[in-house]
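**Q** Quick one: this structure, given as structure tokens, is what I'll be asking you about.
Each value in this text was obtained by applying a stated rule to the coordinates, not by laboratory testing. Only a predicted model underlies this, so the values are computations on that prediction, with no experimental measurement involved. Glycine gets a Cβ as well: all are built from the backbone with ideal geometry, and neighbour counts include every protein chain shown.
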Amino acid sequence: MTKPAYCRVPGKGRDLLSAIALLAAAVSFPTAVAVAQEGAPAPVAMRAPSTAELRASIDRGVRWLMANQNSNGWWSTSEQPAVTALALTALNREPSGRFVRSRPSELNRAYDFLLGSVRPDGSIHRSGLANYNTALSLVALATAEDPNFLPVIRNARAYLASSQIDMGEPGKLDTPFDGGVGYGSKYQHSDMNNTLTAIEAMRWSESALPKDAPAGSPASPDLDWKAVVNFLQNCQNLPEVNPDPRVSGEASDRGGFFYYPGHSMAGATTNAATGKVSLRSYGTISYGGLLSYIYARVGKDDARVVAVMDWLRKHYTLEENPGMGRQGYYYYLHLMTKALTAARVDTIRMDDGTEVAWREAVARRLLELQQPDGSWVNETPRWWESDKVLVTSYVLLSLEMLQSRVVTGG
């Protein structure tokens, strides 16, 4: 992988998000430019999607979302506001900005649904998965750029900050789960995906806070970011920083991530001679780990970041979610797009020296997978990916990030 050049983060969510091309056009930030190293091979030649193709694909996906909203404002299910929140965020990030400039009645109904899901403690949910639903709803509220949502945003941030796990002695990082965030139901410990959604929501919503009450001030509680990093490294297959005996010593796992301390969705291997159990790294959560380190402002030269970047390079593929097959495939592509964009990686250097222009490859792949009706769906249903609204929202958010940076074919 070409070395990433992280964005400068002066403390506002908008400036952080400029690095992943999810900001309003008015925000100024240097464009990431691929600089060819002397003697480096040219990127793999392929026909990149044209600007017209990318815009047409996004427009078809947007039309499908707008045509498949329930009359009560929600998408797919009234029990999980997170799905509606994802759809709203995808619409808010539509490249022309039309849904933010002039919010149509359909989106007003969707926001009424989210606001109707707000609980007295600041959480936003209806039937469990409190942290997951709150985090994604917070992003949808923040990307609306509506100051009327500020009280709800502040309360949701306070709720998420209070949900950070501290299982042992208060204030001490004395269990491997400390610093992360869990579902808020289902189980009480932290995990990588809920931690990612929470910290992403906290960073994205920073831009909605007034300048006289930034994140971390008494009026705007924040996460303990040092504790977040502690949890992240406890989910990384890197023995130098993670003392868990189940951390894999295999080169094929080194640097990647598993779901939470002691458990990988990709399973584990057992050494026949020693009986040692080793957790396997896998694609989605390894990209989630990289993105989480970036949100936590861990430096690009930090050994933990270098290690996960190396694992991702070695396991780069668009055919499957490494370690999981087609399970979570669209979320994998979504997190790949988001993490590599945030890391400002332009090309991926394979072991044979070939440079892969990953943005063009991902964009082409997503366009090929679009259904005739404009939606996307995974034939493998795990993690809700049989839900067209969820998957279409993932893909639209990915294409919206890619469309401004793909070197188009026309």
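**Q** Compute, for the range 73-235, the length of the dipole vector about the Cα centre, with Cβ point charges of +1 (Lys, Arg) and -1 (Asp, Glu) only. Units Debye, rounded to 20.
**A** Around 440 debye, computed over the range 73-235.
**Q** Indicate, rounded to the nearest 5 percent, the antiparallel portion of the DSSP beta bridges found entirely in the chain.
**A** On the way: 10 of 11 bridges.
Antiparallel bridges make up about 90 percent of those DSSP assigns within the chain.
**Q** Another question, then. Kindly write out, for the range 301-307 in residue order, the coupling ³J(HN,Hα) from the Karplus curve 6.51 cos²θ - 1.76 cosθ + 1.60 (θ = phi - 60°), rounded to whole Hz, with x marking Gly and Pro.
**A** 8, 4, 4, 5, 6, 4, 5
**Q** Name the residue from G216, G184, A268 whose Cα lies farthest towards the positive end of the charge dipole of the range 159-293, charges +1 on Cβ of Lys and Arg and -1 on Cβ of Asp and Glu.
**A** Highest projection toward the positive end goes to A268.
**Q** Among T197, T270, T77, which one moves the most in a GNM of the chain with springs linking Cα atoms closer than 10 Å?
**A** Highest fluctuation among the options: T270.
**Q** Follow-up question, since we're still on this one. Determine the dipole magnitude for the range 258-410: charges of +1 sit on the beta-carbon of Lys and Arg, -1 on that of Asp and Glu, nothing else is charged, the reference point is the Cα centre, and the result goes in debye to the nearest 20.
**A** The calculated dipole for the range 258-410 is roughly 420 debye.
**Q** Okay, next question. Collect residues whose amide H, placed 1.01 Å from N in the peptide plane, falls under 5 Å from the amide H of R349; neighbours closer than 5 in sequence don't count.
**A** Amide H neighbours of R349, under 5 Å, 5+ apart: T2, V356.
**Q** How do 120-129, 359-368 rank on mean C-beta neighbours within 10 Å, highest first?
**A** Values: 120-129: 17.5, 359-368: 19.0.
Highest to lowest by the protection proxy: 359-368, 120-129.
**Q** Ranked from highest to lowest mean number of other Cβ atoms within 10 Å per residue, what is the order of the peptides 102-109, 303-310, 143-150?
**A** Descending mean neighbour count gives 303-310, 143-150, 102-109.
**Q** In what sequence do S205, S393 fall when counting other Cβ within 10 Å, fewest first?
**A** Result, fewest neighbours first: S205, S393.
**Q** If you take the beta carbon distance between D310 and S71 as r and set R0 to 51 Å, what does 1/(1 + (r/R0)^6) give as a FRET efficiency, to the nearest 0.05?
**A** 0.55
**Q** A further question on this structure: Using the Karplus curve 6.51 cos²θ - 1.76 cosθ + 1.60 with θ = phi - 60°, work out ³J(HN,Hα) for each residue of the range 101-108 in order, rounded to whole Hz, and write x for Gly and Pro.
**A** 5, 9, 6, x, 4, 4, 6, 4
**Q** In what sequence do W311, W64 fall when counting other Cβ within 10 Å, fewest first?
**A** Going from least to most buried by this count: W64, W311.
**Q** Under a crude label model (7 Å from the Cα following the beta-carbon direction), how far is E379 from N108 in nanometres?
**A** Using points 7 Å along Cα→Cβ, the separation is 4.3 nm.
**Q** Rounded, prolate or oblate: pick one for the chain, where a ≥ b ≥ c are the square roots of the eigenvalues of its C-alpha gyration tensor, a/c under 1.5 means rounded, and failing that, prolate if a/b is larger than b/c, else oblate.
**A** Verdict is rounded for the chain.
**Q** Between E320 and M167, with labels modelled 7 Å along Cα→Cβ, what's the label distance in nm to one decimal, could you check?
**A** 3.1
**Q** Tell me, in nm to one decimal, what length is gained between R119 and S252 on full extension, where the rule is 0.36 nm per residue of separation less the Cα-Cα distance?
**A** That pair, R119 and S252, stretches by 43.4 nm at full extension.
**Q** Quick one: putting +1 on the C-beta of Lys and Arg, -1 on the C-beta of Asp and Glu, what dipole do you get for the chain around its Cα centre, in Debye to the nearest 20?
**A** My answer is approximately 580 debye.
**Q** What distance in nm separates the simple spin-label points at D244 and E368, each placed 7 Å from Cα in the Cβ direction?
**A** 3.5
**Q** The range 73-235: percent of C-alpha pairs farther apart than 27 Å?
**A** Percentage above 27 Å: 23.
**Q** Any idea which of N70, I285, Q164 is furthest toward the positive side of the dipole for the chain, if Lys and Arg beta-carbons carry +1 and Asp and Glu beta-carbons -1?
**A** N70
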